[in-house]
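The values are calculated or read from the model by the stated rules, or taken from the named source; none is laboratory data. Please read these numbers as outputs of a predicted model, since none were measured by experiment. Here the Cβ positions follow ideal geometry from the backbone for every residue, glycine too, while neighbour counts run over all protein chains shown. Surface accessibility is based on the protein's heavy atoms, side chains included, excluding ligands, DNA and RNA. Shrake-Rupley method; radii C 1.70, N 1.55, O 1.52, S 1.80 Å.
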Amino acid sequence: MRKGACFAALIAGLLLVSGCGPKAITVGSRPFPAARPVFNDASGKALEGLPPAEETIRVVFLEFPWCPACADVWRALRTAAKPFPQGTVRVYRVLFDRETLLSPAGRREVPPLRPAPLPEGDGPEDAGLLKVTTLTAIPDRFHKEFRVSQGPVLLLLDAEGKVEKRWIGFSAGMSRELSSEIRNRSRVLSPRLPGT
């Protein structure tokens, strides 16, 4: 009997501890605002959540340094948003300002070895179809708050900030899926006619 009680106490303790630590960003979760500031905006201001946006569709793009698939995800986002009026989609581009450097001295976190350029067509002179808000993840705080093991990660949020859809990596059908999701969530909007 004593052995069973000890085992039950051990299981209860493990279950309690398993709830601690960074949480995964899953479909159905409402990750932002976080319990502490996890982003810096362009001015350097620390933020717990995403800045407000007027756009109907909000997408969070977690973009990592040296991410070959990130360019494909940007192309998929652009292709998916193209049929819809400008101002329909807001992308929160979250950059990570640390990457792992492997050297003979060991492994360490360093600032990115090259700056992350704006995706093609997102220069200040090109308004484009996507409105992009760039944020930088605060390295220690973001990783203590959220568990993200691989990227890129794309999150489609509902009006209250709950994750409705999540993509990890890139797939050939991503732009078609995104376009369908945008259409489903913006029933009042009709896609632009070809040539307009």
**OP:** Would you mind checking which residues have amide H under 5 Å from GLY87's amide H? H placed 1.01 Å from N; only 5 or more apart, or other chain.
**Re:** LYS131
**OP:** Work out how much length LYS162 to VAL27 would gain on full extension: take 0.36 nm times their residue separation and subtract the Cα-Cα distance, in nm to one decimal.
**Re:** 47.8 nm
**OP:** Please report, to one decimal in angstroms, the Kirkwood hydrodynamic radius of region 27-81 built from all distinct Cα-Cα pairs.
**Re:** 13.5 Å
**OP:** For TYR92, enumerate residues with amide H under 5 Å from its amide H, sequence gap 5+ or separate chain, H modeled in the peptide plane.
**Re:** VAL59, VAL60, PHE61, THR133
Original post:
So how much slack lies between GLU54 and ARG147, counting 0.36 nm per residue of separation and subtracting their Cα-Cα distance, in nm?
Top reply: 30.6 nm
Original post:
When only Cα pairs under 8 Å and 6 or more residues apart are kept, what is the percent relative contact order across region 130-191?
Top reply: 19 percent
Subject >> Around ARG58: net Lys/Arg minus Asp/Glu count, Cβ-Cβ under 9 Å >> reply: -1
**OP:** Count the net charge of all other residues whose Cβ sits under 15 Å from the Cβ of ARG147, scoring Lys and Arg as +1 and Asp and Glu as -1.
**Re:** +2
**OP:** Just reorder SER43, SER186 by solvent-accessible area, largest first, 1.4 Å probe, all chains present.
**Re:** SER43, SER186
